[in-house]
Amino acid sequence: MGSPFEGTAVYTSSIQGLCTYFEHYLTECDDMGLCIADSRSKSKNLRVSHSIFTQKFSAVPNYGRLVELPTFGHSDNHVGLQICDIVCSALLYPIACYAYCTGHVNNVHVQPRASLLRRRYGRQLKELQHRYYDAGARRYVGGITVADYLDQRSGALMFGS
């Protein structure tokens, strides 16, 4: 507490998690793939790529179905990143604020009308996820995850469940 937020570890572990889930999806599909992430800064991108590099080429290699380390692009140049930005800012963020912050936070981000978005798009958003059971962790992983330390609610609330 009291120290500034240092996001490198959070961003790096998030990309590692995404690559792990994507690797699982590619294995299920018996396919190869490439991860294009939103660029931040050269030094931050390098740290993330290096973290994947060390895991991909370790003694026990990971990410064998990723043809390359994560590639970084700018959303104004990549339609895939633009679509992700739209889905997150127009749907997931307002739905999450409504679902998990109502009753706890009273600000402009918590909009009751977001319940309409959840009702209209919740099922489709849920179906876009790749979730699977991780026997080692004894739980489902992947897709949209939520850490609700106040009320202990799951990510299913995002989709109207």
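The values are calculated or read from the model by the stated rules, or taken from the named source; none is laboratory data. Worth saying up front: this structure is predicted, and the values here are computed from it rather than measured. Because the Cβ atoms are built from the backbone with ideal geometry, glycine has one as well, and the counts that use them run over all protein chains shown.
Residues 82, 129: which one is of a type outside the set (A, V, I, L, M) and more than 23 Å from residue 40 (Cβ to Cβ)?
Details: 82 fails: more than 23 Å from residue 40 (Cβ to Cβ).
So the residue among 82, 129 that is of a type outside the set (A, V, I, L, M) and more than 23 Å from residue 40 (Cβ to Cβ) is 129.
May I ask you to say which residue of 146, 105, 67, 110 is at pLDDT 95 or above, β-branched (Val, Ile, Thr) and not assigned by TED's automatic domain parsing to the domain that holds residue 8? Explain how you work it out, then say what you get.
Details: 146 fails: at pLDDT 95 or above; 105 fails: at pLDDT 95 or above; 67 fails: not assigned by TED's automatic domain parsing to the domain that holds residue 8.
Exactly one of 146, 105, 67, 110 is at pLDDT 95 or above, β-branched (Val, Ile, Thr) and not assigned by TED's automatic domain parsing to the domain that holds residue 8, namely 110.
Using the structure shown, decide if residue 89 is closer than 29 Å to residue 153 by Cα, among the polar types (S, T, N, Q), out of contact with any Gly (no Cβ under 8 Å at 6 or more places or on another chain) and in the same structural domain as residue 150 (by TED's automatic domain parsing).
Values: closer than 29 Å to residue 153 by Cα: yes; among the polar types (S, T, N, Q): yes; out of contact with any Gly (no Cβ under 8 Å at 6 or more places or on another chain): yes; in the same structural domain as residue 150 (by TED's automatic domain parsing): yes.
Yes, satisfied.
Since residue 51 meets every condition but one in (1) within 19 Å of residue 14 (Cβ to Cβ); (2) polar (S, T, N, Q); (3) exposed (fewer than 14 other Cβ atoms within 10 Å of the Cβ), which condition does it not meet?
(3)
Among the residues of the stretch 7-23, what is the count of those that are of a type in the set (Asp, Glu) and under 16 Å from residue 45 (Cβ atoms)? It would help to see each step written out before you state the result.
Residues of the stretch 7-23 of a type in the set (Asp, Glu): 23.
The next check asks that each one be under 16 Å from residue 45 (Cβ atoms); those that pass are none.
Counting residues in the stretch 7-23 that are of a type in the set (Asp, Glu) and under 16 Å from residue 45 (Cβ atoms) gives 0.
Please name all residue pairs, on different chains or six or more residues apart, with Cβ atoms under 6 Å, provided the first residue is in the stretch 58-70 and is touching a residue at least 60 places away in the same chain (Cβ under 8 Å) and the second residue is of a type outside the set (Phe, Trp, Tyr).
none
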